[in-house]
1. Considering only protein heavy atoms, what is the solvent-accessible area of Ile203 at a probe of 1.4 Å, reported in Å² to the nearest 10?
2. Order Phe155, Phe213, Phe225 by their accessible area, 1.4 angstrom probe, all chains in place, largest first.
3. Ranked by accessible surface with a 1.4 Å probe, highest first, in what order do Trp264, Trp141, Trp304 come?
4. Largest first, what is the accessible-area ranking of Ser218, Ser55, Ser50 with a 1.4 Å probe?
5. What accessible surface, in Å², does a 1.4 Å probe find on Leu183, ignoring ligands, DNA and RNA and rounding to the nearest 10?
6. Label Ile201 and Glu165 with points 7 Å out from Cα along Cα→Cβ: what is the distance between them in nm?
7. Just to verify a number: what accessible area does Leu147 come out at with the full protein assembly present, 1.4 Å probe, Å² rounded to tens?
Amino acid sequence: MKSILLGVSLLAAAVVAQDAHAQRSDGVRFSGFRGYAQVRTGDFTIPAGSTTSGSVMVFRGDLDVYGNVDGAATAVLGDVIVHEGGRVRGGAVALGGHVRNEGGSILGVVKDVGATHNRSTVSFGGRPRTTLGSLFSAVVWLVVLLLVGTFVLFFMRDYFKRAVEVITNETGRSLLTGVIGGLASIPAFVVLVVAMAITIIGIVFIPIGAAAFMIALSGIAILGFLAAAQVTGIAIAGKREAETPAGQELQYLYTGILAFGALWIVAAAFTWFPILGAVLRMLAFSVTLVAVATGFGAVILSWWRSRARKNAVAV
């Protein structure tokens with residue numbers, strides 16, 4: 001399992017690093033990349049209703065955005081001003097100036113370095129991401145997972161132990177099953193909604209059925225992730241003796257959850273550094289996604305096998 005996690009993480013890091021390098025290179029316009037980036041000197045305006053095909057960089061002037069910029073909007077020794085109705089899909093960066101959002105929308109990195117001002121935030125959908133807010137979210141999720149894990153370990157012990165055994169013995173099959181199961185959940189959801197919509201009574205209960213489906217799916221994913229965290233905790237802590245078996249299992253579970261939580265906390269701590277923060281968030285996301293997919297598949301396999309055994313005993 002460690003090799004799988006490491007491989008996916010390195011691949012994700014390479015993709016993000018390549019994207020970051022591409023963003024840095026937007027200011028240079030080569031003949032083979034015409035239309036990807038525009039470089040101007042002096043004040044420059046993106047008119048309302050117009051859309052650039054790439055990034056825009058302005059030297060010694062202000063960049064006024066009334067229309068749409070598909071890439072990054074950068075000003076060197078000037079300001080980036082996003083007016084009402086303006087939209088920047090990439091980052092907005094001002095070196096020696098300020099980024100001013102006057103009613104527009106900035107979907108990527110927001111960074112300005114002026115003579116008396118140095119600010120760096122990351123925003124998605126126009127809402128800035130701050131380092132303190134990211135740290136708070138990461139810690140809250142860590143506490144929630146510790147509490148949920150404790151509940152699952154003591155009140156859903158049988159299901160949990162079966163999933164842990166499947167991950168330990170069949171990691172690859174669990175991951176494959178989890179990926180297939182996750183992809184299959186989309187058409188399954190559509191089929192559920194259509195099946196309820198063809199009846200008059202079913203239409204009324206579509207919101208309830210959809211909510212129940214999503215809750216069940218989320219429950220399986222959380223149970224699977226906790227099982228993967230348990231296996232990770234065993235791998236990190238090694239075999240240790242405790243006063244009770246339950247206490248030992250709790251130590252393993254907490255160790256695994258803290259290991260995954262540490263990835264997100266470290267990523268959150270570097271929110272102020274957009275490129276490095278993005279790389280660390282992608283690493284944390286990719287590792288967590290593999291763990292969730294593996295655990296999801298383990299829960300499905302353990303449920304299917306226990307069901308088959310029950311049917312065999314009944315016969």
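The values are calculated or read from the model by the stated rules, or taken from the named source; none is laboratory data. All values reported here derive from a predicted model rather than from experimental measurement. Here the Cβ positions follow ideal geometry from the backbone for every residue, glycine too, while neighbour counts run over all protein chains shown. Please note that ligands, DNA and RNA were not included when accessible areas were found on the heavy atoms of the full protein model with its side chains. Shrake-Rupley method; radii C 1.70, N 1.55, O 1.52, S 1.80 Å.
1. 90 Å²
2. Descending order: Phe155, Phe213, Phe225.
3. Trp141, Trp304, Trp264
4. Ser218, Ser50, Ser55
5. For Leu183, the solvent-accessible surface is approximately 120 Å².
6. Going from the Ile201 label point to the Glu165 one covers 4.0 nm.
7. Result for Leu147: roughly 120 Å² accessible.
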